[in-house]
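Colleague: The structure is given below, and queries will be raised subsequently.
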Amino acid sequence: MRIGIIGLGYVGLPLAVAFGEAGCEVVGLDVDQGKIDALNAGRSYIEDVPDAALAPLAGKLRATADYEEMAACDAVIICVPTPLSDAREPDLTYLIESAEPLAKVLRSGQLVVLESTTYPGTTRERLQPILESSGLSVGTDFHLAFSPERIDPGRTDYTVKTTPKLVGGITPACTERARELYAEICETVIVLSTPEAAELSKLLENIFRSVNIALVNELAQLCDRLEIDVWEVIDAASSKPFGFMRFDPGPGMGGHCLPVDPFYLAFKARQFDFYPEFIELAGKVNQAQPGFCVERIERALNGVRKPVNGSRVLILGVSYKGGVGDTRESPALKIIGRLQDLGADVSYHDSFVPELRGHELTSVDLEQGLREVDLVAIVTAHPDVDYEQVVATAPLTIDFRGVTRSIEADNLLRL
């Protein structure tokens, strides 16, 4: 088969590699010329895809910006971002901007699959009409399905191959074509009745995490007032072998799914005069968590008789999770912005993120940075950091990730 993949980011590139390794010819499409040039030169820009994985695919995987090349593909998979607008509502701009040129080259017999996370009804109500503007009819001339991405950047125990794949097509024939496609690269393919069921399943996966993270984040704030160690409480509850699933608090949620998905579902629910207050509240709690962390930093500095204004604060880790360089929706960005507004002299160290253009900052040398600050805030726990050394060197450390639980020191505070 010849596979076209639109969007060569954290979802699209690993998918392209998986199909290439399965023996398919893959044409990846992206609007970023830098990504196109890098991929065609055998260079990866994604942590999960080393250059060594691209080398054997030199004759099978290539990148382009030309939609005309999608016409020759048996299947086209759309993996574009679906962010939120400034009003915290779904922004389908990237999807529409990829679907419209695809419709102009769509041909009979092709399969189109949407993998981008979105609200129930997007595939049928938004994507299908655009593709049918080609004059072709879904289920008769071409096939259309939704199959949610389940990529977890930085994770190695579950891959594209070993993570079960969900598929739901507009028609039974569409579903079967999608099932056959993913059976080429996935050990398990689970068939759902409709694309709406598949779309909602993806939202449920992430909203489940969002709600539980909100619960422990709120518990962390309560434990702060009660002067109880929230990590001790969670460790104790986790000893129960049934009826409890561990979630850890932190500085807030980041990434391309967890901070976004509750708002996608809430948007769709309002169209049916239904208000998912529980889900929306979890989203609000998590969105407010960086503000609580800034308050903790203020109090920590106040405890050593220093105002935030003029204090030197080193943020340790700015990506949204450890081991990756993705800063989308990272709580560190909100924390940095708020501290800057308060007059703090903010710097950061993150070996995965060399610069933060929006804040006009570049990553500083860790050893030097620790010697030149008043406080270090551990916001993202990367595996390449010696946290014992951080606590031993910095005059004051506050840990928002719980990675210093084995360390006892007078200059150490935890969430």
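The values are calculated or read from the model by the stated rules, or taken from the named source; none is laboratory data. Just so it is clear, the structure is predicted and the values come from calculations on it, not from any experiment. Note: ideal-geometry Cβ built from the backbone for every residue, glycine included; neighbour counts use all protein chains shown. For the accessible areas, the whole protein counts, side chains as well, though only heavy atoms, and no ligand, DNA or RNA atoms are used. Shrake-Rupley method; radii C 1.70, N 1.55, O 1.52, S 1.80 Å.
Colleague: Could you check which residue among L111, L39, L219 shows the biggest mean-square fluctuation in a GNM of the chain with a 10 Å Cα cutoff?
Modeller: L219
Colleague: Round to the nearest 10 and report in Å² the accessible area of Y67, as given by a 1.4 Å probe over the protein chains' heavy atoms.
Modeller: 40
Colleague: Per residue, how much space in cubic angstrom lies within the convex hull of the C-alpha atoms of segment 19-107?
Modeller: Expressed per residue, the convex hull around the Cα atoms of segment 19-107 is 118 Å³.
Colleague: Considering only protein heavy atoms, what per residue accessible area in square angstrom results for the chain with a 1.4 angstrom probe?
Modeller: Per-residue value: 45 Å².
Colleague: Going by amide H atoms built from the backbone, whose H comes under 5 Å of the H on E355, apart from near neighbours?
Modeller: Answer set, sorted by chain and number: S363.
Colleague: Also, quick follow-up: HN-Hα J couplings of segment 147-160 from phi, Karplus 6.51/-1.76/1.60, θ = phi - 60°, integer Hz, Gly and Pro as x?
Modeller: Karplus-based 3J(HN,Hα) across segment 147-160 equals 9, x, 5, 9, 7, 10, x, x, 8, 10, 7, 10, 10, 4 Hz.
Colleague: Enter the Cα centre distance for the pair segment 1-69 and segment 259-292, rounded to the nearest angstrom.
Modeller: Spelled out, the Cα-based centre of one part sits 34 Å from the other.
Colleague: If I take the Cα coordinates of segment 240-290 and project them onto the principal axes, what are the three extents in Å, biggest first?
Modeller: 40, 28, 18
Colleague: To continue, here is another question. Rounded, prolate or oblate: which one fits segment 288-415, using the alpha carbon gyration tensor with axes a ≥ b ≥ c (rounded when a/c is under 1.5, else prolate when a/b beats b/c, else oblate)?
Modeller: Because its axes are fairly even, with a/c under 1.5, segment 288-415 counts as rounded.
Colleague: While we're on this one: Can you find, among S147, V318, N40, the residue sitting farthest towards the positive end of the charge dipole of the chain, where Lys and Arg contribute +1 and Asp and Glu -1 at Cβ?
Modeller: S147
Colleague: Relative contact order (percent) for segment 72-191, with alpha-carbon contacts under 8 angstrom and 6 or more residues of separation?
Modeller: It rounds to 22 percent for segment 72-191.
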